[in-house]
Amino acid sequence: RSGGQVVVGAEVAGLLMEKQRAIGVRMADGREFRADAVISDAGARNTFERLVPGPSAITEALARMPQSMAHLSLYVGLKHTAAELGLSGTNLWVHPTPDHDANLERFTSDHAAPFPLLFLSFPSAKDPEFTSRHPGHATIEVVTIVPYEPFERWEDSRWRHREPDYDAFKASLAARLQAELERHVPAVAGRIDHAELSTPLSTRHFMNYARGEVYGVAATPARFRSRVLGPRTPITNLYLSGQDVASLGVTGSMFGGALAASAVLGRNMVSRMTKS
C-alpha cells in the first residue's frame, strides 16, 4: 500500500555515493535503486568492507574486533507431527559439563571430543499453523558452535561441488549430531525422514560472512565499548541495522532494527514497541 517492493535474487554490488551522502545502491546486474535512506542489514563488515568505498572509522574499528564463532546446524524433517512425538516446542540446551570454556577448548583442540554445546529447537511445534500447512510432518534443528579453521581449506570450492573429503567430514558431523538428537529426544529415533547439515561454508556462501560467523562481530568488551557501531554511520543517509548495532542473536537483531528505524524516523520506536 505504501509503494514498497521486495526484490529477490538481487545482489548488491556497492553503495551509490554523492560526496559523503548515500543516494542508493548499485546491483551486480547494473541496476540502480535510489533512495533518501539506505539501511543495511548485511552486517557491519559486509557493509563497510565490501559495499562502501574507502576506509572509515568503522573499518578501522572492525580491524581490531574478531568475528564471532561459526556453527553447524542439522535440519531434520519427520513424517510425524510434533504432537505424535510429544514435542512441546521447548528449546533444549545441552552441555557436556558445566565448564563452558573448557568444553569449547576441548572441542577446538580435538574435533572428536563432545560438542561444546547443543541447541535443540522445534520450529514446527511452535507454529500454530504448521500442522494445517504440512499435515503429518514436523521439523527440528540441532545447532552447535565450531571453529572455522577445520573448514578453511575448502573455502575456495563451490557449494555442492566441494571435494569428497569435505563431504565425508560433513557426513560424519551430521551423523554425530543426529545421534545426539536421538539420545536427548528418543521419540525421534528411527523416525527421521530427512536430515541435512549446514557448515560454516554454508554460512559463508549464503550470508557472505567471510569466516562463517553466526553472530557477526564477536561479543567482546571492545565491541560493546566501541562508539562507531550504531544505527547512524559516518555516511549521511546510510544506516546500519541488525545484530551488529545492538547485541547478538534474534533479540539483538530485533532491537537493531528498532534502533535503525528510530534513527531514520527520528522517533523512539523502542519505546513504542515496549508500550504496545
Could you please give the count of residues in the stretch 175-208 that are touching a helix residue (DSSP H, G or I) at 6+ places or on another chain (Cβ under 8 Å), part of a helix (DSSP H, G or I) and within 21 Å of residue 91 (Cβ to Cβ)? 4
Please work out if residue 42 is farther than 30 Å from residue 191 by Cα and part of a helix (DSSP H, G or I). no
Filter the stretch 44-99 down to the residues that are of a type in the set (Val, Ile, Thr) and more than 30 Å from residue 232 (Cβ to Cβ) and list them by number. 76, 81, 90, 94, 97
Name the residue that is most open to solvent (accessible area, probe 1.4 Å), counting only residues in the stretch 50-73 that are in a strand (DSSP E or B) and touching a Ser or Thr at 6+ places or on another chain (Cβ under 8 Å). 71
Any residue at all in the stretch 110-117 that is in a helix (DSSP H, G or I) and not acidic (Asp, Glu)? no
State whether the residues of the stretch 180-191 include one that is among the small types (Gly, Ala, Ser) and under 19 Å from residue 46 (Cβ atoms). no
Answer yes if at least one residue in the stretch 156-163 is open to solvent by less than 60 Å² (accessible area, probe 1.4 Å), of a type in the set (Lys, Arg) and under 26 Å from residue 67 (Cα atoms), and no otherwise. yes
One residue is enough: does the stretch 27-49 have a residue meeting the conditions open to solvent by 20 Å² or more (accessible area, probe 1.4 Å), small (Gly, Ala, Ser) and within 17 Å of residue 263 (Cα to Cα)? yes
Cβ-Cβ under 9 Å pairs, at least 6 apart or on other chains, the stretch 127-138 side farther than 14 Å from residue 193 by Cβ, far side of a type in the set (Lys, Arg): 127/133
Picking from 153, 211, the residue that is outside any strand (DSSP E or B), charged (D, E, K, R) and surrounded by fewer than 13 Cβ atoms within 10 Å (Cβ to Cβ) would be 153
Residue check for residue 124: free of Cβ contacts under 8 Å to residues at least 60 places away in the same chain, under 18 Å from residue 187 (Cα atoms) and either of a type in the set (S, T, N, Q) or crowded, with 16+ Cβ neighbours inside 10 Å (or both): yes
Can you find even one residue in the stretch 119-134 that is within 24 Å of residue 167 (Cα to Cα) and at pLDDT 95 or above? yes
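The values are calculated or read from the model by the stated rules, or taken from the named source; none is laboratory data. Just so it is clear, the model here is predicted, and its values are computed rather than measured. Backbone-built Cβ (ideal geometry, glycine too); neighbour counts: all protein chains shown. Side chains are part of the model used for accessible areas, which takes the heavy atoms of the whole protein and leaves out ligands, DNA and RNA. Shrake-Rupley method; radii C 1.70, N 1.55, O 1.52, S 1.80 Å.
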